[in-house]
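Here's the structure we're looking at; comments come further down.
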Amino acid sequence: GDQAGRPVELGYAIGRLVRELRATPRGAAVDRLVRQHDLDAAAAEGWMRRGSLRMNLANAAAARGEDAEPLYARAEADLTEALRLDPASVETWQTRATVRLNRGASATNRGADPEEHLRGAEEDFGAALERNPRSGDVWGGRATVHGARASRKRLAGGDPAADFARAEADYLKALGLK
């Protein structure tokens, strides 16, 4: 083995497993470890916390006028992994929605189209609401997405009325829950 008291066969088996996992796409490798080797699926908490930290770092970079997009992208990737491991986590859905909303703002500031990020944020807030419809914070977050979309339409000369109405309805739900 690779340390005193460990059988040689175990050392070989560990080496073989590591080589196989390195040759496997990341998602499939994690699935295998969870399914076959009892990897703790609670590792999702670590992914969520790191994603949240990266979101905060991105927010600070954006406040300094720096390009925050790479940090937002890494935060979103961490949170996506956390959701793959624990899709029931309302907190993770809400945090990823916030990252996507912030990515939309970052895209707007760079002159890029934010709609992909706004759509993703809206979907994530919706997923959080499916799991906890009594969260005023989540209703308020989704209202912010509708408001951002309405403001963008208004500035482009479009009709923002439907989006403002959705924002108001979600804010009213949030206020009723707080």
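The values are calculated or read from the model by the stated rules, or taken from the named source; none is laboratory data. Owing to the predicted nature of the structure, the values given are computational and were not obtained by experimental measurement. Please note: Cβ atoms are built from the backbone with ideal geometry, for glycine as well, and neighbour counts cover all protein chains shown. Protein only, heavy atoms only, side chains kept; ligands, DNA and RNA dropped before computing areas. Shrake-Rupley method; radii C 1.70, N 1.55, O 1.52, S 1.80 Å.
Could you count how many residues in segment 53-104 are more than 16 Å from Phe125 (Cβ to Cβ) and in a helix (DSSP H, G or I)? Of the residues in segment 53-104, 23 are more than 16 Å from Phe125 (Cβ to Cβ) and in a helix (DSSP H, G or I).
Among the residues making up segment 71-84, those that are aliphatic (A, V, I, L, M) and open to solvent by less than 30 Å² (accessible area, probe 1.4 Å) are Ala75, Leu79, Ala82, Leu83. Among the residues of segment 85-117, the one identified as within 19 Å of Arg49 (Cα to Cα), open to solvent by 30 Å² or more (accessible area, probe 1.4 Å) and of a type in the set (Ser, Thr, Tyr) is Thr98. Taking the criterion of being hydroxyl-bearing (Ser, Thr, Tyr) and either at pLDDT 95 or above or open to solvent by less than 20 Å² (accessible area, probe 1.4 Å) (or both), the only residue of segment 136-154 that qualifies is Thr144.
Checking Ala41, Ala61 one by one, the residue that is modelled with pLDDT of 65 or more and of a type in the set (A, V, I, L, M) is Ala61 and no other. The residue list Gly104, Gly136, Gly111 contains one member that is in contact (Cβ under 8 Å) with a residue 24 or more places away in the chain and closer than 23 Å to Ala60 by Cα, which is Gly104. Residues in segment 108-128 include at least one that is of a type in the set (Val, Ile, Thr), at pLDDT below 95 and not in a loop (DSSP other than H, G, I, E, B).
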